[in-house]
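**Q** Have a look at the structure that comes next, please.
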Number of protein chains: 2
Amino acid sequence: MIDSNHQPKRRVLVVGAGGVGTMASVALERSGMACVTAVLRSNYETVMKHGFDIESVDHGKLSGWRPTNLVNKVPTTSSETPFDYVVVTMKTIPEIMNVAEIIAPSVTPGHTAIVLLQNGIYIEPPIINAFPKNAVLSGPSYIGAHEKNGHVVHDDPDRFHLGVFHNDRLDKQYERRKLEDFASAYNGNGIEHAIIVDDIIHYRWRKALWNGIFNTMCAITQLDNAAIRRSGGEYSLIRPGMAEMAAIAAADGYDLGKDIVEEMVNATPIELSFRPSMLVDVDKGNPVEIEVILGNALRVARKKGVQTPILDNTYRFLKLIQTRLLVARGHIDQPIDIPTTDSI
Amino acid sequence: MIDSNHQPKRRVLVVGAGGVGTMASVALERSGMACVTAVLRSNYETVMKHGFDIESVDHGKLSGWRPTNLVNKVPTTSSETPFDYVVVTMKTIPEIMNVAEIIAPSVTPGHTAIVLLQNGIYIEPPIINAFPKNAVLSGPSYIGAHEKNGHVVHDDPDRFHLGVFHNDRLDKQYERRKLEDFASAYNGNGIEHAIIVDDIIHYRWRKALWNGIFNTMCAITQLDNAAIRRSGGEYSLIRPGMAEMAAIAAADGYDLGKDIVEEMVNATPIELSFRPSMLVDVDKGNPVEIEVILGNALRVARKKGVQTPILDNTYRFLKLIQTRLLVARGHIDQPIDIPTTDSI
């Protein structure tokens, strides 16, 4: 397959076909520069039969849309047709899953670049450890897109920062070429979805400042973003919690700026009520991404000696809620012995 | 009315006819030493028609049982027949109610002793302020008794410590006589329900150590007493939270003993799962007694300079949940302005 620039189309595997994964597939396919194999799970049969029905703020209405290939499990790569990119858009719940193990069959060492369009801070090192010869690209998504039984409502544009998460064993120019090539394919449909940045960790800390606080605190209290601010939470928990997160980032070498708390709070207007994704998970009884969003940040805090009393307690309450959710869904057994160690 | 000791029967008003109030009424009436007027609300019509049906670990099976008088609002006292005791067994939610205002019509200054069989720490001073000439008795209940539409299941014995909460304006001997007289009436049925103690505040702090921690933390996480221990909560939150509460009590002059945390945790066995009352309230969507159980304790901590990072955060999360519950029940409007002050 040859694209309009007479380069072969990139072979891309997208793992996780919820809203984020489906819209990534659409962007990549519509550029004409990639052919996507999408791994579906619960919606596999439906999408095989009927395709996706999509209403997209970026791409308009798409009816019966399918990527080039649909599969119901992560395929084993072949040496003749390795995947150029494996794009990971799954929720990350390390308590019950291992992303590296899940994608391993499809990764060709020294060839496949792994693109993490997932939530969290420092989710890349375990991937680099598992695939030391592969470039890792990282892009915290801000898309608003929800998939249910093959229907996708995509109402907030797919724009994100994308960067290399540097692997010391790899040549920086090689990593950069992978970054630019992937961005060109993702943006080739004419929309600048992916914005290339030099230091993606900075942007991941920025997102952690929102996700680690609004997401977690709304999940615990079952209040939406506006109600938690109006009910006293803005000053009792949200702002001081954000200040702690900014202090962790600073200790890690990332100065988010003196106005970051104000900026993030104001970016969450009380005129517009919505339920953050982690609260939606709690509403539905689904496990939450506590470890990658908050646990990883607190492990940096411990290493750097940053005091985080509010976020520590946030973590501990949410971790108990997480155990309840994991038990209720049958992911883990009800613990029998009493753990005497803390998990941060 | 003359009792077997040829003393007139005490006139007792019981305000709050849930499990605690109904079983207090039974104990007082069965002694033959008191006649009870019970204030009922939602169950008034049913109990007027059919009486209470009671299965009691202390008193056996009682069918169609009624106290001497049933009323559906707090009666205004008459000067000829003042109440000797007003026993308060209502849940205390100061955000939306004022106990002193509720009982005021039935209190005769200088005569009626007020008996608080309610949860909380330092719930007595507002009552003393409102009724400076009246003795205040205080007894944190440990009863297990649940009332629904006139049916009461009473499965854990009605035993409690009862003491004077001293009012500087009153003579200590006068207060003591009231205490002993009320206890004799409550215990006159042959069961030692009320155990007279010299310093009831000590026992209220003891109860706060359990209520302020297990109750609040189970309510936030929606885990029962056993599950929260088994899921890591025992060491991450329960024990250090209890240690903070013991430190507040100590700063207030009440040494609960060096083994108090161990003792309280062991008194909550993991072999027996139950949902603490505050969690049951959250389950049902009812407001919780956060201010009297935890807020009052933290106000003592602030005054005495005790650091309570875990309980502060527990309070703040639960206070947000409380606002959600109060709004959902229509007790308060959804706040519009963002509060900038903390409520501890």
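The values are calculated or read from the model by the stated rules, or taken from the named source; none is laboratory data. All values derive from a computational prediction rather than experimental measurement. Counting neighbours? That spans all protein chains shown, and the Cβs are built from the backbone with ideal geometry, glycine included. Quick note on the areas: whole protein, heavy atoms, side chains included, nothing else; ligands and nucleic acids left out. Shrake-Rupley method; radii C 1.70, N 1.55, O 1.52, S 1.80 Å.
**Q** Go ahead and set up a Gaussian network model of chain B, Cα springs under 10 Å, then flag whichever of B:Q322, B:Q173, B:Q118 fluctuates most.
**A** With Cα springs under 10 Å in chain B, the top fluctuation among B:Q322, B:Q173, B:Q118 is at B:Q173.
**Q** Could I ask something else about it? Would you check the accessible area of A:S42, probe 1.4 Å, heavy atoms only, in square angstrom rounded to 10?
**A** Rounded to the nearest 10, that gives 120 Å².
**Q** Inside 10 Å of the C-beta atoms of B:300-311, what's the mean count of C-beta atoms belonging to other chains?
**A** Partner Cβ neighbours, averaged per residue: 1.
**Q** Compute the FRET efficiency between B:A104 and B:R329 as 1/(1 + (r/R0)^6), taking r as their Cβ-Cβ distance and R0 = 30 Å, and round to the nearest 0.05.
**A** Calculated transfer efficiency: 0.75.
**Q** I would also like to ask the following. Counting only other chains, what is the mean number of Cβ atoms within 10 angstrom of the Cβ of each residue in peptide A:328-337?
**A** Per residue, the number of nearby Cβ atoms from other chains is 2 on average.
**Q** Share of antiparallel DSSP beta bridges in the protein assembly as shown, in percent to the nearest 5? Present the calculation step by step, with values, prior to reporting the outcome.
**A** On the way: 26 of 80 bridges.
The antiparallel fraction comes to roughly 30 percent.
**Q** Of the residues A:G253, A:G16, A:G163, which exhibits the maximal mean-square fluctuation in a Gaussian network model of chain A defined by a 10 Å Cα contact cut-off?
**A** It is A:G253.
**Q** Divide by every residue of chain B the summed helix terms, -39500 (n - 2.57) for each DSSP H run of at least 4, and state the resulting mean residue ellipticity at 222 nm, rounded to the nearest 500 deg cm²/dmol.
**A** Numbers: 13 runs with 124 residues, N = 344.
Value at 222 nm, helices only, nearest 500: -10500 deg cm²/dmol.
**Q** Rg (Å, one decimal) plus Dmax (Å, integer) for the alpha carbons of chain A?
**A** Cα-based Rg and Dmax for chain A come out at 20.0, 62 Å.
**Q** Here is a further query. With a 1.4 Å probe, what is the total accessible area buried between chains A and B, in Å² rounded to the nearest 100?
**A** 3100 Å²
**Q** First check a/c for segment B:144-299, with a ≥ b ≥ c the square roots of the eigenvalues of its C-alpha gyration tensor; if it is under 1.5, answer rounded, and if not, answer prolate when a/b is larger than b/c or oblate otherwise.
**A** Here segment B:144-299 falls in the oblate category.
**Q** Continuing with this model, one more query. Say R0 is 25 Å: what FRET efficiency, to the nearest 0.05, do A:A130 and A:D198 get from their beta-carbon distance?
**A** Approximately 0.50, to the nearest 0.05.
**Q** Pop out the ³J(HN,Hα) list for segment B:68-78 in order, Karplus 6.51 cos²θ - 1.76 cosθ + 1.60 with θ = phi - 60°, rounded to Hz; leave Gly and Pro as x.
**A** Residue by residue, segment B:68-78 yields 4, 10, 10, 9, 10, 8, 4, x, 7, 5, 10 Hz.
**Q** Provide the per residue accessible area, probe 1.4 Å, for segment A:251-336, rounded to a whole number of square angstrom.
**A** That works out to 45 Å² per residue.
**Q** Along segment B:211-225, what does the Karplus equation 6.51 cos²θ - 1.76 cosθ + 1.60 (θ = phi - 60°) give for ³J(HN,Hα), rounded to whole Hz, x for Gly and Pro?
**A** In residue order, the calculated couplings are 4, x, 10, 4, 4, 5, 6, 5, 5, 5, 8, 6, 10, 7, 4 Hz.
**Q** Let me ask something additional. Could you compute the net charge surrounding A:N43? Neighbours are other residues with a C-beta less than 10 Å from the C-beta of A:N43; K and R count +1, D and E count -1.
**A** 0
**Q** So, one more: Pick from B:I310, B:I228, B:I102 the residue whose mean-square fluctuation is largest in a GNM of chain B, springs joining Cα atoms under 10 Å.
**A** Of B:I310, B:I228, B:I102, the most mobile in the Gaussian network model is B:I102.
**Q** So if I average 1/r over every pair of distinct C-alpha atoms in segment B:18-107 and take the inverse, what Kirkwood radius in Å does that give?
**A** 14.2 Å is the Kirkwood radius here.
**Q** Considering every pair of different Cα atoms, what Kirkwood radius, in Å, is found for segment A:97-171?
**A** Value: 13.8 Å, from the Cα pair sum.
**Q** Could you tell me which GluC sites (Glu not before Pro) in segment B:73-115 are loop residues by DSSP with no more than 12 other beta carbons within 10 angstrom of their beta carbon? Intermediate values should be presented prior to the final figure.
**A** On the way: sites: B:E80, B:E95, B:E101; in loops: B:E80, B:E95.
Those that pass, being in a loop and sparsely packed, are B:E80.
**Q** Need one number: nm distance between label points at A:S273 and A:M97, each 7 Å from Cα along Cα→Cβ, rounded to one decimal.
**A** Between A:S273 and A:M97, the simple spin-label model gives 3.1 nm.
**Q** Same structure again: What whole number of Å gives the distance from the Cα centroid of segment B:263-331 to the Cα centroid of segment B:145-216?
**A** 21 Å
**Q** In segment A:227-260, which trypsin sites (Lys or Arg not before Pro) are in a loop and have at most 13 other Cβ atoms within 10 Å, using DSSP for the loop call?
**A** Answer in residue order: A:K258.
**Q** Can you compute 3J(HN,Hα) from phi for each residue in segment B:122-135, using the Karplus curve 6.51 cos²θ - 1.76 cosθ + 1.60 with θ = phi - 60°, rounded to whole Hz and x for Gly and Pro?
**A** Taking θ as phi minus 60°, the curve returns 6, 8, 7, x, x, 6, 5, 4, 6, 10, x, 9, 10, 5 Hz for segment B:122-135.
**Q** Could you tell me how many cubic angstrom of Cα convex hull volume the protein assembly as shown has per residue?
**A** 179 Å³
**Q** With all protein chains present and a 1.4 Å probe, how do A:L256, A:L13 order by accessible area, largest first?
**A** Numbers: A:L256 20, A:L13 0 Å².
Largest accessible area first, the residues go A:L256, A:L13.
**Q** If you keep only loop residues by DSSP, which trypsin sites (Lys or Arg not before Pro) in segment B:139-196 have at most 12 other Cβ atoms within 10 Å of their Cβ?
**A** Within segment B:139-196, the qualifying trypsin sites (Lys or Arg not before Pro) (loop, at most 12 other Cβ atoms within 10 Å) are B:R169.
**Q** On to the next question. A 24 angstrom limit on the alpha carbon distance is what I want to check against. Which of A:K73/A:K148; A:K61/A:K148; B:K133/B:K172; B:K133/B:K304; B:K9/B:K73; A:K284/B:K284 exceed it?
**A** Violating the 24 Å Cα-Cα cut-off are B:K133/B:K304.
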